[in-house]
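Engineer: The structure that follows is given in the form of structure tokens.
The values are calculated or read from the model by the stated rules, or taken from the named source; none is laboratory data. Here the structure is a predicted model, which is why all the values come from computation and not from measurement. Reconstructed Cβ throughout: ideal geometry from the backbone, glycine too, with neighbour counts over all protein chains shown. The protein model used for the area step is the full one, side chains on, heavy atoms only, and it has no ligands, DNA or RNA in it. Shrake-Rupley method; radii C 1.70, N 1.55, O 1.52, S 1.80 Å.
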Amino acid sequence: MADLTFIEKMKLEKLLEMGGGYVLDFSNRTLEEFVLQSVHKKIYDDAYNYASGSKANRIRAFWDREPNPVVGKLIADLLEYREFSRPNRDEESKRLYDDCRRIAERLSSSRAAVQVAATNTDPVPQRSSAWVRERAGGPLELQRPWRNAPSMNIAEVKGRVDFGILTIREDEFRAVLRRFPDKLGDGRAQGRRIYNLRSLALPGGGAYTLAISRCVEQGNGEALAMARDLLEDLAPRWLLVVGIAGGMPSSEITLGDIVVSTRILDFSVEAVLEGGAFEHAITGGPVHHAAAALAANLPALDDELGAWNSPESIGTPRPPVDFAPGNFYGDEAWQKNVRESLKLHFGGTPRPPRFTAGALASSDRLVKDTGRTKPWLLAARQIVAVEMESGGVHRATNGRDVPFLAIRGLSDVVGFKRDEAWTRYACETAAVFAQALLLTRPIAVRQEAPPYEIRVHDSPRSDRRHAIEVRPCAGVWSPFFFAIPIAEQEAVSPMVFTGVQGRPPAAGALHGTSEEPSLDGKWWLRYAEDAATPLMSYYLLCNHFPTKIAFGVLNGKPQYEVGLDVRGRIAEIGASEVAPPRDEERAPDE
């Protein structure tokens, strides 16, 4: 049975719209599929047939029957579905959503509970020194900054990514990776997708953190899913789509040039009429105001963009254009327009690629038919290029305060057959322009957040004077440990609980918990499997402040040590070594 309070159930039922027997907009069939996929349980089994057997009552029965981690997982997935289907727009809904997210987080981090009495006088389950050493991962040492970690935990990266970069084709993906070679840690983090993590050092100091990924296949549907996954996993500040597109015949831009999106016109919804005619319901719209402002200001960045379009920067020769009649398609007027536009750009001295900002047409079709593009131009004559993914990314970012830009190199012109040499060239021009644009520092460099927060509170208990709160600023620390000098244990009289950030608890339950002295007799350790998160803190309640505390992840990193003065003022100190517990002969707790 999940340990949900009456108030927590009321909040969940309100957010999940469980009045009248419903759960959000689920039908019986879709709810059954959703629960099965989320937690591998059949919600329409007799075990969950409570009262009327409605969808809401079955969820209530599920809460009453299943353990904390299973209920927490389902609640978290339901919250994600709700946020996707009906984003929180007013402040009250956002607060309710945040409360429910904390409930899910608390339940998901739970294990088999070991109750800790309010007075801490009950016997504490003991573990052997071998059990502790297995989880301790060696001596404590001050954790290096997260950027230098040998491997990246998805929870530690979330909220620290400046730009998420989406690519589609393999050649686009490789071109982008070549432009951003500096890896963070081992260069990868895995959530719903695999993200390639890169650091881009900036002129004048600082760096951007980038997450580069590739869609499984072409099309707006996959791009929509990819963008949503990236947003949920990493919460980047901006999204970029970098790759190739087909250009419209133009006197201003041509093969190899760059189009930066100001508006996305999504032609994915199509109706085929009698006789083969077709109509579209055009969706999409302008890009985020911050992205639009950047695109509009690009001409002012010429000096800062530097020689992005030089042969040395692009790294591959500019291909020739073959004007053979067989390379053109479309009706006579269209072919003439294409031929004249290409001769304008390629008939004299070769010029380097240039960029422009404009509207992109996006659909799920690879457009090689001028009959398709003519109606689009009649509906929206500002279209300068066509592609297949930005409509999906625009949908994913719509309603979120996440700017999005598409940076497209023109690999072909509608009415002129694509040449693989131009495809390779356009992949490189798109990637090098993206690199040059980021080096202009288009957004402020974030200040590196501290890895943890420590605060001192008055104790909520009459038998303890102080409460020292510790929480990570990002990521999840589990199993968590506190350590104080063992010589100070009697004066400090430590008690350890978990609780919501900023609210010291007077009592509580820890899970999978124990306390041990170290082998060298210098430290008293208390540890538990409950996770410390940015929203859930650990609290050390004490009568007097210890001279120093150590804390962090019991089975590895991060681990930290800080010193305290008699007033609880905190100063970070150097590395510490806490030996394993000293009783070699104690049998493991079965």
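Engineer: Counting residues in the range 304-384 as N, plug N into 2.2 N^0.38 Å and put the Cα Rg over that result.
Structural biologist: That ratio works out to 1.34.
Engineer: Still on this model: I'd like to compare 531-541, 348-358, 402-412, 378-388: which one has the highest average count of other Cβ atoms within 10 Å, and what's the full order after that?
Structural biologist: Numbers: 531-541: 22.9, 348-358: 15.4, 402-412: 25.6, 378-388: 18.4.
Averaged packing, sorted descending, gives the order 402-412, 531-541, 378-388, 348-358.
Engineer: Taking the range 1-95, which trypsin sites (Lys or Arg not before Pro) meet the DSSP loop condition and have no more than 12 other C-beta atoms within 10 Å?
Structural biologist: Answer by residue number: Lys42, Arg89.
Engineer: For Phe6 and Glu340, calculate 0.36 nm times their separation in residues minus their Cα-Cα distance, and state this gained length in nm to one decimal.
Structural biologist: Extra length from Phe6 to Glu340 when fully extended: 112.9 nm.
Engineer: Highest mean first, how do 250-257, 421-428 rank when packing is the count of other Cβ atoms within 10 Å averaged over residues? Provide the component values of the computation, followed by the final result.
Structural biologist: Details: 250-257: 20.4, 421-428: 22.0.
Taking the mean over residues of other Cβ atoms within 10 Å, the ranking is 421-428, 250-257.
Engineer: If the reach is capped at under 19 angstrom between alpha carbons, list the lysines near Lys42, excluding any in the same chain fewer than eight residues apart.
Structural biologist: Excluding near neighbours in sequence, the set is Lys55, Lys73.
Engineer: Which lysines, if any, have their Cα less than 27 Å from the Cα of Lys343, not counting same-chain residues under 8 positions apart?
Structural biologist: Lys368, Lys374, Lys417
Engineer: Using just the alpha carbons, could you tell me how many Å³ per residue the convex hull of the range 508-565 encloses?
Structural biologist: About 122 Å³ per residue, rounded to a whole number.
Engineer: Additional query: In the P(r) worked out for the chain, what percent of Cα pairs fall beyond 38 Å? Could the numbers behind the result be given before it?
Structural biologist: On the way: 79306 of 173755 pairs.
Every Cα pair in the chain considered, those over 38 Å come to 46 percent.
Engineer: Which cross-chain or sequence-distant (5 or more) residues have an amide H under 5 Å from the amide H of Ile244, H modelled 1.01 Å from N in plane?
Structural biologist: For Ile244, the qualifying residues are Gly409.
Engineer: What is the mean projected area of the alpha carbon convex hull for the range 184-265, to one decimal in square nanometres?
Structural biologist: Over all viewing directions, the range 184-265 projects a mean Cα-hull area of 7.8 nm².
Engineer: With no solvent and one equal point scatterer per Cα, compute the Debye intensity ratio I(q)/I(0) for the range 67-109 at 0.27 Å⁻¹ and report its log10, rounded to two decimals.
Structural biologist: -0.88
Engineer: So how far apart, in nm, are the two label points at Asp99 and Asp369 if each is 7 Å from Cα heading toward Cβ?
Structural biologist: Placing both labels 7 Å beyond Cα along the Cβ direction yields 5.4 nm.
Engineer: Which links in Lys158/Lys548; Lys183/Lys548; Lys94/Lys158 stretch past 24 Å when you go from one Cα to the other?
Structural biologist: Lys158/Lys548; Lys183/Lys548
Engineer: Here is a further query. Determine, from the Cβ-Cβ distance of Asp186 and Ala324 and an R0 of 60 Å, the FRET efficiency 1/(1 + (r/R0)^6), rounded to the nearest 0.05.
Structural biologist: Calculated transfer efficiency: 0.75.
Engineer: Would you mind getting the accessible area per residue of the range 339-394, heavy atoms of the protein chains only, 1.4 Å probe, in Å²?
Structural biologist: Here the per-residue accessible area is 46 Å².
Engineer: In angstroms, what radius of gyration and Dmax does the range 8-103 have, counting Cα atoms only?
Structural biologist: Looking at the range 8-103, its Cα Rg and Dmax stand at 12.6, 39 Å.
Engineer: Same structure, new question: How far apart, in nm, are the 7 Å Cα→Cβ label points at Ile282 and Leu301?
Structural biologist: Distance between label points: 2.7 nm.
Engineer: Percent antiparallel among DSSP beta bridges with both residues in the chain, to the nearest 5?
Structural biologist: 70 percent
Engineer: R0 = 30 Å: FRET efficiency of Leu377 with Arg400, Cβ-based, nearest 0.05?
Structural biologist: 0.45
Engineer: Work out, step by step, the length gained on full extension between Thr316 and Glu420: first 0.36 nm times the residue separation, then minus their alpha carbon distance; give nm to one decimal.
Structural biologist: This chain segment gains 36.2 nm when fully extended.
Engineer: Could I ask something else about it? When the chain is fully extended, how far beyond the present Cα-Cα distance does Ala293 get from Ile443, taking 0.36 nm per residue of separation?
Structural biologist: That pair, Ala293 and Ile443, stretches by 52.8 nm at full extension.
Engineer: Suppose all protein chains stay in the model; what accessible area per residue would a 1.4 Å probe give for the range 164-215, in Å²?
Structural biologist: About 40 Å² of surface per residue is accessible.
Engineer: Going by average Cβ neighbours within 10 Å, how do the peptides 160-170, 466-476, 238-248 rank, with the highest at the top?
Structural biologist: Those peptides, ordered most packed to least, come out 238-248, 160-170, 466-476.
Engineer: Nearest 500 deg cm²/dmol is fine: what mean residue ellipticity at 222 nm does the chain get from its DSSP H runs of n ≥ 4 alone, each adding -39,500 (n - 2.57), divided by its residue count?
Structural biologist: Rounded to the nearest 500, it is -9000 deg cm²/dmol.
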